[in-house]
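Colleague: What follows is a structure written as structure tokens; I'll ask about it next.
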């Protein structure tokens, strides 16, 4: 079970990954950085998917290697839906669900009862979905999803890549 400190750590990551701007060029650059990190650090395939939040306009899509299954997009879209609904990373959502879940409830039941979700199968709340935020803009402006690695690595690839991108802007 996630601790409050672990949840706060993920929240701090989200707060530190605010972009100065977001458009198709930024999305492509971020997608390229994420794909490169996936290729360097993992032997298995992963999908990198970046969209606008207000229209689900696809801005970047790439596989890190051959071998993704055709149904991978189902998991990608479910992560995207979770980020769009709650406005936080799927890693933090998962940790909050685990931390607040009564011992006798499954995560699916907890979503239904505790979060008033009619169909929990619409959402995937394991690490890999991340909100794109822009400084001085209210709400999220996009969604980044990495799918194919373990949930912690999906999340880490996104955070590490955004941090690298932000650092490149100051150099």
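Colleague: Sum -39500 (n - 2.57) across every DSSP H segment of at least 4 residues in the chain, then divide by the residue count to get the 222 nm mean residue ellipticity, nearest 500.
Modeller: For the chain, the value works out to -16000 deg cm²/dmol.
Colleague: Under a GNM of the chain (C-alpha, springs under 10 Å), which listed residue has the highest mean-square fluctuation: 89, 24, 100?
Modeller: 100
Colleague: If we count other beta carbons within 10 Å of each Cβ, what is the order of 14, 8, fewest first?
Modeller: The order, fewest Cβ neighbours first, is 8, 14.
Colleague: How much of the DSSP bridge set in the chain is antiparallel, in percent, rounded to the nearest 5?
Modeller: So the antiparallel bridges in the chain amount to around 90 percent.
Colleague: Taking Cα atoms, how many degrees apart are the long axis of helix 72-86 and the longest axis of the chain, rounded to 10 and kept between 0 and 90?
Modeller: Roughly 70 degrees between the two axes.
Colleague: Now for a separate question. By how many degrees, between 0 and 90 and to the nearest 10, does the Cα long axis of helix 4-16 differ from the longest principal axis of the chain?
Modeller: Approximately 30 degrees, to the nearest ten.
Colleague: If you build a Gaussian network model of the chain, linking Cα atoms that sit under 10 Å apart, which residue out of 144, 33, 113 swings the most?
Modeller: 113
Colleague: How big is D, in µm² s⁻¹, for the range 61-100 by Stokes-Einstein at 37 °C and 0.692 mPa s if Rh is the Kirkwood radius over C-alpha pairs?
Modeller: 282
Colleague: Same structure, new question: If you split all Cα-Cα distances of the range 1-102 into 10 Å bins from zero, what percentages do you get per bin, shortest first?
Modeller: Spelled out bin by bin, the range 1-102 gives 13, 37, 39, 11, 0 percent.
Colleague: Another question about this same structure. Of 78, 65, 35, which has the largest mean-square fluctuation in a 10 Å C-alpha GNM of the chain?
Modeller: Evaluated over the chain, the most mobile residue of the options is 65.
Colleague: Rg and Dmax of the range 8-47, Cα atoms, in Å?
Modeller: Final numbers for Rg and Dmax: 12.7, 32 Å.
Colleague: Still on this structure, please answer the following. Which one is right for this structure if mean projected area of the Cα convex hull in nm² is calculated from it: (1) 9.6; (2) 12.4; (3) 10.3?
Modeller: From the options (1) 9.6; (2) 12.4; (3) 10.3, the structure gives (3).
Rule-based calculations on the coordinates, nothing more; no lab input. Remember, it's a predicted structure, so these values are computed and weren't measured experimentally. Backbone-built Cβ (ideal geometry, glycine too); neighbour counts: all protein chains shown.
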